[in-house]
Amino acid sequence: MSNASGLFCQTCGSETPESHFQLTCVACGGRLEVRYDLDRIKHAWPGLPRGDSGRSVLHQWLDLLPIERPDLIERVSLGEQTSPLIRSSRLGKGTGLDDLRFKLEYLGPTLSLKDRGTSMCALKALELGFHTLCIPSSGNNAASVAAYAAKAGLSAVVFIQRDVSPAKVLKILAHGAKIVRVDGDMSAAGDVCRGLLKSRRWLQCGGANPYRFTAKRTVAYEIVHQLDGRVPDAVVFPVGGATGIASAHAGFQEMVQLGVIPSAPRLLGVQLAACDPITRAFDAGTDELPMLPHGRSVSDALLNAVPFYGVQALRAARATGGAFVTVSDEECVTVVRRLAREEGLFVEPAGGVSVAGLLKLAAQGRLEGVHSAVCMLTGHGLNVPTAAFGVENLPDPVAPNVAAAEAYLDTL
């Protein structure tokens, strides 16, 4: 038996047992969250996480998750494990911080942060009797859903926006998912997916899914565990749909309630200039997100004009003394190249946005009192390999002899 006590509506307060699962509240259509018995979780402390970091995160954080059948973990797991938290070697020196670390969430089985939440959704699909997973996605989430559906023996239908990296599409196809490429942006793909859900019993694995959200909150526990119980002064997130920063806030606040940490870190959100409704709302001091037609960008992963957890992200930043900031494509690409050459980390543009934002905040003098920070790196460079390193940079071939090689090296 899990420590979850059911699904709780954040709008009207009604409770729904998991056995009657709906994506949103049946009473008012509001957002559902998994509610836990914190006394039982506290009783399990300090036995968390379970086992070593080589086991699935679903097993490691079993006491924090709504899993009724742990025997199903092996059936869905693709090896999703604790993601490394490594100290910066060179980039951190330009921030004025004493301790800058990178959380390598892009080292999941499908090369992005999405696997932490998708593994939970696949398991709940088996528990609740769903046979098909679906999702609207800019690419990474669709690839994750396709892979986990394949492992669990489920079908997958994914709705992707028009502009998606070919590398991501090939990953989806490789796993046998059905792809609907919508001639529009993420919002349009989401509208089509929601429309089809009205007449189909599919488990939607993005946006409103409370199981995805609750699984993603474990990254907060993981950071504190990896720092031997310490809390960094700040944690920096790239923000599109805003699930990452909102779920991490839930995790940190839960740890405060459990008495595990004294307070949550400052949560800093970073958006791209091509689509930054949350930053604009933060700067305006409002919870009203402006409707923005987004432009084109080197990143296909963060252009979410209607972020599902936008308001929660704003409240998370404000409640923790954090901030939101916008970075340009140029700033993002520069950081992607620096991460590769100065830290040995190859990330896609969306994966490097957090570092670009931290550097900008440092340059603006907005990190007063921040001595330690964790930047979330969320997508592998192989997902969009030419975004920061174009094919025009491929070297010309040289003759197959030492003299030719030496002559060529002298020109570099």
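The values are calculated or read from the model by the stated rules, or taken from the named source; none is laboratory data. Because the structure is predicted, anything quoted here is derived from the model rather than measured. Don't worry about glycine lacking a Cβ; one is built from the backbone with ideal geometry, like all the others, and counts go over all protein chains shown. Heavy atoms of the whole protein, side chains included, go into the accessibility calculation; ligands, DNA and RNA do not. Shrake-Rupley method; radii C 1.70, N 1.55, O 1.52, S 1.80 Å.
Tabulated results
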item	result
Highest to lowest packing among 359-370, 45-56, 2-13, scored as the average C-beta count within 10 Å	2-13, 359-370, 45-56
The stretch 119-192, relative contact order in percent, only Cα pairs under 8 angstrom and at least six apart counted	31 percent
Ranked packing of 217-224, 348-355, 77-84, most packed first, by mean Cβ within 10 Å	348-355, 217-224, 77-84
Accessible surface of the stretch 115-208 [probe 1.4 Å, protein heavy atoms]: carbon and sulfur percent	55 percent
Calculated [θ] (222 nm, deg cm²/dmol) that DSSP helices of n ≥ 4 give over the chain, each run adding -39,500 (n - 2.57)	-10500 deg cm²/dmol
0 to 90° range, to nearest 10: angle between helix 115-128 axis and the chain longest Cα axis	30 degrees
Whole-number percent relative contact order across the chain, with pairs defined as alpha carbons under 8 Å at least 6 apart	16 percent
Nitroxide proxy distance, nm - points 7 Å out along Cα→Cβ at residue 334 and residue 192	3.7 nm
Apportionment of accessible area to carbon and sulfur, the stretch 251-331, percent (1.4 Å)	51 percent
Assigned charges on the beta-carbon of Lys, Arg, Asp, Glu; the stretch 172-312 dipole about Cα centre (debye)	640 debye
Inter-centroid distance (Cα atoms) of the stretch 304-382 relative to the stretch 188-227, Å	22 Å
³J(HN,Hα) computed for each position of the stretch 66-73 - Karplus, 6.51 cos²θ - 1.76 cosθ + 1.60, integer Hz, glycine/proline x	x, 9, 8, 10, x, 5, 7, 4
Potential extension, residue 412-residue 364 segment - 0.36 nm per residue separation minus Cα distance	13.7 nm
Where no second cysteine Cβ lies under 4.7 Å, the cysteines concerned in the chain	134, 193, 275, 332, 375
For the stretch 270-286, Karplus couplings with θ = phi - 60° (6.51, -1.76, 1.60), whole Hz, Gly/Pro x	10, 10, 7, 4, 5, 6, 10, x, 6, 4, 5, 5, 4, 5, 7, x, 10
Residues in the stretch 344-380 that a label on residue 230 would reach, taking backbone N under 14 Å of a point 7 Å out along Cα→Cβ	370-374
Straight-distance crosslink candidates among lysines, where the alpha carbon sits under 29 Å from residue 171 and sequence neighbours closer than 8 are dropped	103, 114, 124, 151, 198, 216
Cβ-based charge dipole, the chain, positive-most Cα from 210, 138, 47	210
Interatomic Cα distance distribution for the stretch 209-325, bins of 5 angstrom, percent	2, 13, 23, 23, 18, 12, 6, 3, 1
Farthest positive-ward along the chain dipole, Cα basis, beta-carbon charges - from 412, 22, 313	22
Between helix 310-319 and the chain: long-axis angle, C-alpha atoms, 0 to 90°, nearest 10	80 degrees
Per residue accessible area of the stretch 1-146, 1.4 Å probe, in Å²	41 Å²
Cα gyration tensor category, rounded, prolate or oblate, for the stretch 37-127 with a/c compared to 1.5	oblate
Solvent-accessible area per residue for the stretch 261-412 (1.4 angstrom probe, square angstrom)	46 Å²
Global geometry of the stretch 159-198, whether rounded, prolate or oblate, following the gyration tensor of its Cα atoms and the 1.5 cut on a/c	oblate
Relative contact order of the stretch 1-112, pairs being alpha-carbon contacts under 8 Å that are 6 or more residues apart, as %	21 percent
Helix 349-363 axis, angle to the chain major axis (alpha carbon atoms, nearest 10°)	80 degrees
5 angstrom amide H check on residue 134, placed H, neighbours 5+ away	157, 203, 204, 205
Size of charge dipole - the chain - debye, nearest 20, with Cβ of Lys, Arg +1 and Asp, Glu -1, no other charges	760 debye
Matching label, Rg/Rh (Cα atoms, Kirkwood Rh) computed from the structure shown, candidates (1) 0.97; (2) 1.00; (3) 1.29	(1)
